[in-house]
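Computed from the coordinates by the stated procedures, all read-outs in this text should not be read as laboratory data. In this text the structure is predicted, and so the values were computed from the model without any measurement. All Cβ positions, glycine included, derive from the backbone under ideal geometry; neighbour counts span all protein chains shown.
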Amino acid sequence: MRKLLLRALRALHLLRSYCVLCWYRMLYGVSFGRRVEVGRGAKLVGPVSLGDRVKIGPNCLLHGVIEIGPHSVIGQGSVIVAHSSIVIGRDALIAERVTIRDQSHRTDAYPYRLQGMISAPLAIGENVWIGAGAVVLKNVGSHAIIGANAVVTSPVQEKTTVGGIPARPLRPRAN
């Protein structure tokens, strides 16, 4: 009986996710693959593309031209904002409260609010693990690990573990 109840709850969750995604498809042109899950309070604005079996945690914000590869997980409260575009590869694990942005403000003159933005496409490779609270502002190579609360201000090479503020290589990975 308990297994049947858990299975019914899981089916209701998937049905709710599907209804939410259909709503976002109508409003913003969101496209999605099979068995995509969206947590409560998540907001997807813009032409967001989600691969098969992507999981978006509760209270996430995805805004702009964003493409997320299959089997990726976006943790609770994460913010991904694209002024240009952001591409996240397959099997990416992004923990809670992670911020990923492809833009920053210009600082040429005063007042700063009138300076505009500097933006460039941002790519995060496949099989990347980004720790809780990290901020990613530059490209990340495949199979890289970003430590918790790290601030990535320069590109991260493949198979590298980085951490700190600003993020620095801690050690290259052998495999």
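General remarks:
- Projecting the Cα atoms of Gly51, Ile145, Val36 onto the charge dipole of the chain, computed from C-beta unit charges around the Cα centre, puts Val36 farthest toward the positive end.
- Positive-pole candidate from Ala132, Ala120, Thr107, dipole of the chain, charges at beta carbon: Ala132
- Directionally averaged projected area (convex hull, Cα atoms, the range 37-134), nm²: 6.2 nm²
- Cross-link partners for Lys159 among the aspartates and glutamates, with Cα-Cα distance under 13 Å and sequence neighbours closer than 8 places in the same chain left out: Glu126.
- Under 5 Å from the amide H of Gly46 lie the amide H atoms of Gly64, each residue being 5 or more positions distant or on a separate chain, with H modelled from the backbone and absent for Pro and chain starts.
- Long-range amide H partners of Ile100 with built H, under 5 Å: Val79, Ile80, Val81, Val136
- Fewest-first ranking of Trp23, Trp129, using other Cβ atoms within 10 Å as the exposure measure: Trp23, Trp129
- Shown for Tyr24, Tyr110: other C-beta atoms within 10 Å of each C-beta, ranked fewest to most, produce the order Tyr110, Tyr24.
- Between the helical axis of 2-28 and the longest alpha-carbon principal axis of the chain there is an angle of about 50 degrees.
- Bridging of Lys43 to aspartates and glutamates at a Cα separation below 17 Å is possible for Glu67, Glu96, once same-chain residues fewer than 8 apart are set aside.
- Distance histogram in 5 Å bins (all Cα pairs of the chain, percent per bin): 2, 9, 16, 20, 18, 13, 10, 7, 3, 1, 0, 0, 0, 0
- Likely footprinting exposure, Leu12, Leu44, Leu170, Leu50, fewest C-beta neighbours within 10 Å first: Leu12, Leu170, Leu44, Leu50
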